[in-house]
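Encoded as structure tokens, the structure appears first; notes follow it.
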Amino acid sequence: MHAANSNLMACIWDFDKTLIPGYMQKPLFETYAVDEKNFWEEVKALSHVYQQQKIAVTEDLLYLNHLLTYVKAGLFRGLNNQKLRQLGAKLTFFEGLPTFFQTLKDIVEKNERFSAHALKLEHYIISGGLAEMIRGSKIASYVDGIFGCEFIEEPMLPGFLRQKALPIDLEHKEISQIARVTDNTTKTRFLFEINKGVNKHAHLDVNASMLPEDRRIPIENMIYIADGPTDVPMFSVIKERGGKTFAVHHPDNMQEFVQNDALLESGRVDCYGPADYRPGSLTYRWLTMHVEKIAESIVRSRENLLQSRVQSPPAVDDESSVGHVEQINLFMS
């Protein structure tokens, strides 16, 4: 049952191959004239190289570290967070985006039945890609929160607590350390941050125990949209807790279509469709329908709760007391 005291819903989106074709780093490689295919082949080989050196590595850190190696080697000279945000502006989205995000919000906010209960839909992006590029993209103004990988440009040096602030070379600053990693398992942490409201109330701890009715956005009020097998942990958590899951594939990619179908057969997702967000597409119809269904369910829960708390006035058996009761009712109104 929906937490009737919550008027909030959320669509939570993956990014690469869900909102854009391919990977977001493409403009980075093009700008610096770096061979994209070669870079990813190197990343793929790194795990084996380090295993031979008997070094245990975290797979999702490899590409981030290799980006930093390219910066250090001068191949991505001058790459900083501002530059990443500028590169984000070059990202091309699937058809129908970003305006589809507003379409989904309007379903909730422009419906008189839903607005009477102050229902609101929020959009979040949780991505293993680079948060600054997403912030620089044209979809950023449509979302309520972005979770992705982050870099530090100027690390604090040894002894910094006992020293005055050191001057920062703004002209030559570059990304130099990893600040945050978002991988297939940590995505679920950010899901619970949204669920509990940690992203809106910093004093809350994501690991703190919290009653379902106190959570800002119940998971059953969420829809998760992503592209494939790497999103299984998120699909599972959301589906098991009553939320909806939807897989997308490139309209022209048969292999991705087959992967989506396997996710459906294994019960990981509720439905799948092409990454086409224009009116009339299967994806457009399914998502708009289920946003409306969730909103209706919230309203019904709130109305039923109110009805259960409101007691009917006492029945009047004696006709002589009708006038007295009417006076009482008039006073109470």
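Just so it is clear, none of the values below were taken in a lab; they were calculated from the coordinates. Being a predicted model, the structure only gives us computed values, none of them experimental. Don't worry about glycine lacking a Cβ; one is built from the backbone with ideal geometry, like all the others, and counts go over all protein chains shown.
Brief remarks on what is shown
- Convex hull of alpha carbon positions in the stretch 6-59: directionally averaged projected area 6.7 nm².
- Per-residue packing, averaged as other Cβ atoms within 10 Å, sorts the ranges 49-57, 217-225 into the order 217-225, 49-57, beginning with the highest.
- Loop-located chymotrypsin sites (Phe, Trp or Tyr not before Pro) in the stretch 261-296 (DSSP state other than H, G, I, E, B) with a sparse environment of at most 10 neighbouring Cβ atoms within 10 Å are absent.
- Take the Cα of residue 160, step 7 Å toward its Cβ, do the same at residue 65, and the gap between the two points is 2.2 nm.
- Legend: calculated FRET efficiency, residue 53 to residue 181, from the Cβ-Cβ distance at R0 = 25 Å, rounded to 0.05, equals 0.70.
- The calculated FRET efficiency for residue 37 paired with residue 102, based on their beta-carbon distance and R0 = 41 Å, is about 0.70.
- For residue 173, the lysines whose Cα falls under 17 Å of its own Cα, not counting residues fewer than eight places away in the same chain, are 72, 83.
- Placing R0 at 45 angstrom, the Cβ-Cβ distance between residue 73 and residue 95 gives a FRET efficiency of 0.75 after rounding to 0.05.
- Potential lengthening of the chain between residue 261 and residue 240 amounts to 5.7 nm, from the contour at 0.36 nm per residue minus the alpha-carbon distance.
- Our coupling estimate for the stretch 39-54, obtained by passing each phi through the Karplus curve with A = 6.51, B = -1.76, C = 1.60 and θ = phi - 60°, is 4, 5, 5, 5, 4, 4, 7, 4, 4, 5, 4, 6, 4, 5, 8, 6 Hz, Gly and Pro reported as x.
- Set of aspartates and glutamates near residue 120 by C-alpha distance (under 20 Å), chain-local residues within fewer than 8 positions excluded: 106, 109, 112, 144, 193, 213, 214, 220, 292, 296, 303
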